[in-house]
Amino acid sequence: MLKDKVAFVTGSTRGIGWAVARTFAQQGANLFLNGVSDQAHLDSCAGQIRSEFGVECSGFLADVCDPTSVKRCYTEIFKRYKRLDVLVNNAGILDDALLGMIPDAAINRTIQVNTVGPIYHLQEAARLMSRNKSGSIINISSIIGRVGNEGQAVYGASKAALIGLTLSAAKELAPKNIRVNAVAPGFIGTDMVKQLPPAKYDERVRSIKMGRVGEAQDVANAVLFLASDLSTYVTGQVLGVDGGMLI
Ligand code: NAD
């Protein structure tokens, strides 16, 4: 479904980003991964994808909030392929705290990583995609950006902002045949949620109508749909992947 397409997935050395990267590679995409701190792990992830799926794959060690590093990624993509077909803005952080107890540094870092970083990436990707008048950008938002949650005010704000970004960018880029959509996962069993206190974890699981925690692959499958030609007339949408948590 993505044969010979070029795709970039941020925060893709574990969790949902890793599942998306593997799914894209399985469908024939040439890939750029992204990690923030561990070059050896990033290289090993890229090597694993190359040997398992026979596609081209390399990684950028870059913090999504650093505009200079972000720019460097796209300069490199342009040099290598002269094109980009798919961007997945997946990197994100969760730092729970009740209102009135949120440290300033946590507010700023969460907004930087979850909202400002994706804006930088979207700008650079759109520039490259405009050259070919084609592309798909998928922002990984969250159910929390739609319905909120106690202790997640800043995370919720950062993810709601991603939905706003998706809608405006979709309108602006549609004439260039660049589609922009968001995926809003519910409760997915990655490292991000494993850090929750057991009582909170159980409470979240009880709110899932389908009665099971989501898997990273459940999200990757939805992202694949939005990245592929199966969705060529879909833009400006928020696709929930939440086992019925929202209904
Ligand atoms: P995760 O913590 O396993 O993965 C997050 C990834 O982002 C990691 O690889 C991390 O290194 C990377 N990252 C963090 N800060 C970065 C930065 N500054 N620059 C580059 N990379 C950075 O969590 P996950 O569950 O796989 O989350 C992936 C995305 O899905 C996130 O945006 C998250 O908010 C969203 N999400 C997750 C859930 C869930 O239940 N797990 C639910 C809704 C939304």
Please list, ordered by chain and number, the residues whose modelled amide H lies under 5 Å from the amide H of Ala182; skip anything fewer than 5 residues away on the same chain. Asn139, Gln237, Val238, Leu239
For segment 6-235, with every protein chain kept in place, what is the accessible area per residue (1.4 Å probe, Å²)? 45 Å²
Placing +1 at every Lys and Arg Cβ and -1 at every Asp and Glu Cβ, with all other atoms neutral, what dipole size does segment 1-81 have around its Cα centre, in debye to the nearest 20? 220 debye
Using helices alone, what [θ] at 222 nm do you get for the chain, with -39,500 (n - 2.57) per DSSP H run of 4 or more residues, divided over all residues and rounded to the nearest 500? -14500 deg cm²/dmol
Could you size up the charge dipole of segment 6-235 around its Cα centre, putting +1 on the beta carbon of Lys and Arg and -1 on that of Asp and Glu, and report it in debye to the nearest 20? 720 debye
Straight-line reach from Lys3: which lysines have a Cα under 24 Å away, not including same-chain ones fewer than 8 places off? Lys79, Lys82, Lys133, Lys176
P(r) weight above 16 Å for segment 118-225, C-alpha pairs, percent: 64 percent
With all protein chains present, the chain has a carbon and sulfur share of its accessible area (1.4 Å probe) in percent of 54 percent
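Relative contact order (percent) for segment 6-235, with alpha-carbon contacts under 8 angstrom and 6 or more residues of separation?
Relative contact order comes out at 20 percent.
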Once the dipole of segment 58-172 is set up with Lys and Arg at +1 and Asp and Glu at -1 on Cβ about the Cα centre, which of Pro118, Val154, Asn132 lies farthest towards its positive end? Asn132
Under 5 Å between amide hydrogens, which residues at least 5 positions from Val88 or on another chain qualify, with H placed 1.01 Å from N in the peptide plane? Phe8, Val9, Thr10, Ile138
Given H placed 1.01 Å from N in the peptide plane, which residues other than close sequence neighbours of Cys57 have an amide H under 5 Å from its amide H? Leu31
Roughly speaking, what is the centre-to-centre gap between segment 135-166 and segment 15-41 when only Cα atoms are used, to the nearest Å? 22 Å
Over all Cα pairs of segment 6-235, the Kirkwood radius sets Rh, and Rg/Rh then becomes 0.95
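The values are calculated or read from the model by the stated rules, or taken from the named source; none is laboratory data. Nothing here was measured: the structure is a model prediction, and the numbers come from that model. As a convention, Cβ positions derive from the backbone with ideal geometry for all residues, glycine included, and neighbour counts pool all protein chains shown. Heads up: the accessible areas ignore ligands, DNA and RNA and are worked out on the full protein's heavy atoms, side chains in. Shrake-Rupley method; radii C 1.70, N 1.55, O 1.52, S 1.80 Å.
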